[in-house]
1. Working out 0.36 nm times the residue gap between I302 and I194, then minus their Cα-Cα distance, what length gain in nm do you get to one decimal?
2. May I have the extent of the alpha carbons of region 75-145 along their three principal axes, as whole Å values ordered from largest to smallest?
3. So for the pair A66, A356, with labels modelled 7 Å out along Cα→Cβ, what separation do we get in nm?
4. Just want the answer: with Cβ charges of +1 for Lys and Arg and -1 for Asp and Glu, which residue in H325, V312, A295 is farthest toward the dipole's positive end in region 263-342?
5. Which value, in debye to the nearest 20, describes the size of the charge dipole of region 263-342 about its Cα centre when Lys and Arg Cβ atoms bear +1, Asp and Glu Cβ atoms bear -1, and nothing else is charged?
6. If the only charges are +1 at each Lys and Arg Cβ and -1 at each Asp and Glu Cβ, what is the size of the charge dipole of the chain around the Cα centre, to the nearest 20 debye?
7. What pairs in K303/K350; K208/K303; K174/K353; K6/K60 have C-alpha atoms more than 31 Å from each other?
8. Sticking to Cα atoms, compute the Rg of region 263-342 to one decimal and its Dmax as the biggest Cα-Cα distance, whole number, in Å.
Amino acid sequence: MAERLKSFLLIVLFSIVPTLFVWLPFFLRVSEFWNIPLPQTGMATIVANYDGPLYLVVAKTLYNVAAIKENYQFALPVEYYAAHFPLFPALIRLFSYIAGFPYAMLAVTIASSVLATYFFHKLASDFVNKGDALWMTFIFSVLPARWLIVRSIGSPEPLFVAAFLASVYFFKNKKYLYAGLWGAVAQLTKSPAILLFGAYFLYLAVPKIKELVTAKRKNLLKMFDFKPLPIFLIPLALIGIFGLYSVVYKDFFAYFHSGDNIHIFFPPFQIFNYSAPWVGTFWLEEVIYIYLFGALGLSQLIKQKENLMAWVVGVFFATTIFVSHRDLMRYMLPIVPFLLIAFREVLVKKEFKFIAIFLLIPVYLFSLAYISQNVMPISDWRPFL
């Protein structure tokens, strides 16, 4: 019991301490750090980071069209908020009675981060010993830098990744009801969760295809295992969201009419179209390395015969090659935990531990620079309080 409590406390520290270090220069209103100029708006810089204020709008208005138009002056159509799924704003609203909306948003993000770190540790413990599992959990708390950033601002990604991880963990252990429930939580948080359902479906269906071809009709029912049926809670959650939109927007498919929010384009690799609205630059070489690590991790999982995680990573990775958005790493975050598991034999080596310590400096500096510049212009905070 004492050992478990110690591990849990370390997991909490791994999740919270890096975020506190990221907050510190902004909280202290430091004018610059390591020659990086920082804004002097304090924690408002953290709260105003994209897309936090947009989720605050949903939390305050619950998608009420009239309230959005009356109180918020962003140059966005009201349908744009349909791309911001309801669970994260609902939790913000719930905790706003204690801390107020802006700090409730940060509190939900931090709590979700702890949950994500906890489930990563549980998953890692299935593959490596206790000490290495804690080390890998520390790595997950600071890498990639984009993950540290979304855990340090108002963001639904930590809740999404936590639910995503929990669902895969329980599915792997054949606890399908929990897998379905956590999958539904992920779906209520962000739209890409439907890909998790697709991965589960393919994982279950593909081995049965040959049997389906050769089976006699009378034996068909015997071929199917009905225990994983709770995974259908994931698409049911999506239908529920669309049902909500049919009430508030009078449009069941409002998500698909939310404007420039769906960044999937054909043919693949449109991210290298520097003229695309959400790309806007030709400085994109690091995208190739994101693809490299994704593909290498997938190949490792296949080689290791980790079929479930291979399907999950494969479905998401296949989707990302059609994403045309400069922030590609954010789209990859759901599969990062499984890529770390794929590379576990390298990550636990002593040589990598020295490298990881070295990387802490650039990860921290990048986080400060990114957060300092990724700020929505808000002149009047009163509607958000």
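Computed from the coordinates by the stated procedures, all read-outs in this text should not be read as laboratory data. The structure presented is a predicted model; accordingly, all values stated were derived computationally and were not measured. Here Cβ is always computed from backbone atoms with ideal geometry, including for glycine, and neighbour counts include all displayed protein chains.
1. Value of the extension gain: 36.7 nm.
2. 49, 28, 20
3. That separation, rounded to one decimal, is 5.5 nm.
4. My answer, from the dipole projection, is V312.
5. 160 debye
6. Numbers: 31 positive and 19 negative charges, 300 e Å.
Roughly 1440 debye for the chain.
7. Working: K303/K350 24 Å; K208/K303 21 Å; K174/K353 33 Å; K6/K60 38 Å.
Beyond 31 Å: K174/K353; K6/K60.
8. 13.0, 41
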